[in-house]
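Everything on this sheet refers to the single structure shown next.
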Amino acid sequence: MNKEMVHILDHPLLQHKLTILRDENTSVTEFRQVVGEIATLMCYEATRDLPLEDVEIQTPVAKATVKKIAGKKLAIVPILRAGLGMVDGILTLIPGAKVGHIGLFRDPDTLEPVKYYCKMPSDIAERDVIILDPMLATGGSASAAIDFMKEYGVKNIKLMNILAAPEGIQRIREDHPDVPIYVAACDEKLNDHGYIVPGLGDAGDRIFGTK
Ligand code: PRP
Ligand code: URA
């Protein structure tokens, strides 16, 4: 496995907040809020390699040559439903990002992703894309989402998940070796139902209170 393509963001704040998500006693309100906070913290790390360019400005004191972000504009693409919980946290840091949506659910029997919705910004092919989903379990949903982005002509894709299983990371490395993965933790394994162990349960249900 090319370790440089798998970023495990083990900052103490992220680990602390992840513990709140894992706890079955955490309320829907707090779960939703903490998912957003984790997305903001992860965004800070996942954008560390954004290119900069020099610009001339006038401060109140002097003229200065300073840095601003250069290069292509960004789009974020949450995988519905649970990825929606990460959107506001990213927009806090990158308010100008456009937002595309991919609707996928995992068939509970086959664990294969089923696509039910897709709406992208018209200029998506010219943007760098960060795909958002709290969970990377078998990796089927994320791999399919990356396939769709590539079909749209997107060249530069990053995948951001809060929690991963080794199986999911392995799947993305095999299917899409060009796509870097950012996770806050990689857990032990998947159980027989494709849930991450110890994990945090069903992310969509816990964000939207549907269980
Ligand atoms: C969850 C999660 C991912 C997917 C991960 O979505 O948010 O999209 O499962 O599993 P995989 O890596 O094995 O594909 P789910 O299908 O529960 O849909 P939801 O977000 O609408 O609840
Ligand atoms: N989807 C979830 O929401 N949780 C898991 O543990 C696996 C897939």
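The values are calculated or read from the model by the stated rules, or taken from the named source; none is laboratory data. In this text, all values refer to a predicted model and were calculated from it rather than measured experimentally. We place every Cβ from the backbone using ideal geometry, glycine too, and count neighbours over all the protein chains shown. These area figures cover heavy atoms from the full protein model, side chains too; ligands, DNA and RNA do not enter into them. Shrake-Rupley method; radii C 1.70, N 1.55, O 1.52, S 1.80 Å.
So which trypsin sites (Lys or Arg not before Pro) in the stretch 1-62 are both in a DSSP loop and have at most 10 other Cβ atoms within 10 Å of their Cβ?
Those satisfying the criteria are 48.
Using the charge dipole of the chain (Lys, Arg: +1 at Cβ; Asp, Glu: -1 at Cβ; taken about the Cα centre), state which of 70, 33, 194 has its Cα farthest towards the positive end.
Of the listed residues, the answer is 70.
Highest first, please rank the peptides 34-41, 92-99 by the mean number of other Cβ atoms sitting within 10 Å of their residues.
34-41, 92-99
Taking all protein chains as present, what is the carbon and sulfur share of the accessible area of the stretch 79-211, in % to the nearest whole number, probe 1.4 Å?
Answer for the stretch 79-211 is 52 percent, counting heavy atoms of protein chains only.
What do you get when you divide the Cα radius of gyration of the stretch 1-62 by 2.2 N^0.38 Å, with N the number of residues?
Here the Cα radius of gyration is 1.68 times the empirical estimate.
How much accessible area per residue does the stretch 96-160 have, in Å², with a 1.4 Å probe?
For the stretch 96-160, the solvent-accessible area averages 44 Å² per residue.
Using the scaling law 2.2 N^0.38 Å as the reference, what is the normalised Cα Rg of the stretch 125-171?
1.13
Give the angle, between 0 and 90 degrees and rounded to the nearest 10, that separates the Cα long axis of helix 28-46 from the longest principal axis of the Cα atoms of the chain.
50 degrees
If each DSSP helix of 4+ residues adds -39,500 (n - 2.57) and the sum is divided by the residues in the chain, what number results at 222 nm, nearest 500 deg cm²/dmol?
Rounded to the nearest 500, the figure is -9500 deg cm²/dmol.
Relative contact order for the stretch 11-83: what is it in percent, counting Cα pairs under 8 Å that are at least 6 residues apart?
Taking the mean separation of contacting Cα pairs over the length of the stretch 11-83, I get 19 percent.
Any chance you could list P(r) for the stretch 1-105, counting all Cα-Cα pairs in 5 angstrom bins from zero, rounded to whole %?
Histogram of Cα-Cα distances, whole percents per bin: 2, 10, 15, 17, 18, 15, 9, 6, 4, 2, 1, 0.
Return a whole-number percent for the relative contact order of the chain, with Cα pairs under 8 Å and 6 or more residues apart as the contact set.
This gives 23 percent for the chain.
For the chain, list log₁₀ I(q)/I(0) at each q in 0.09, 0.17, 0.18 Å⁻¹, using the Debye formula over Cα point scatterers of equal strength and ignoring solvent, two decimals each.
Values returned for q = 0.09, 0.17, 0.18 Å⁻¹ are -0.35, -1.17, -1.32.
Return the distance in nm (one decimal) between the two label points of a simple spin-label model at residue 191 and residue 40, each offset 7 Å from Cα along Cα→Cβ.
The answer from the label model is 3.3 nm.
Over 32 Å between Cα atoms: which of 155/211; 73/211; 67/189; 67/98; 115/211 fall into that group?
Long pairs (Cα-Cα over 32 Å): 155/211; 73/211; 67/189.
What share of all Cα pairs of the stretch 96-210, in percent, falls into each consecutive 5 Å distance bin?
Pair shares across the bins are 2, 11, 22, 24, 21, 12, 6, 1, 0.
Output the antiparallel fraction of DSSP beta bridges having both residues in the chain, as a percent to the nearest 5.
Counting DSSP beta bridges with both partners in the chain, the antiparallel share is about 40 percent.
If I ignore ligands, DNA and RNA and count only protein heavy atoms, how much of residue 27 is accessible to a 1.4 Å probe, in Å² to the nearest 10?
Its heavy atoms expose roughly 60 Å² to the probe.
Relative contact order (percent) for the stretch 125-211, with alpha-carbon contacts under 8 angstrom and 6 or more residues of separation?
28 percent
Take each of the peptides 7-15, 80-88, average the number of other beta-carbon atoms within 10 Å over its residues, and list them starting from the highest.
The densest-packed peptide leads the list: 80-88, 7-15.
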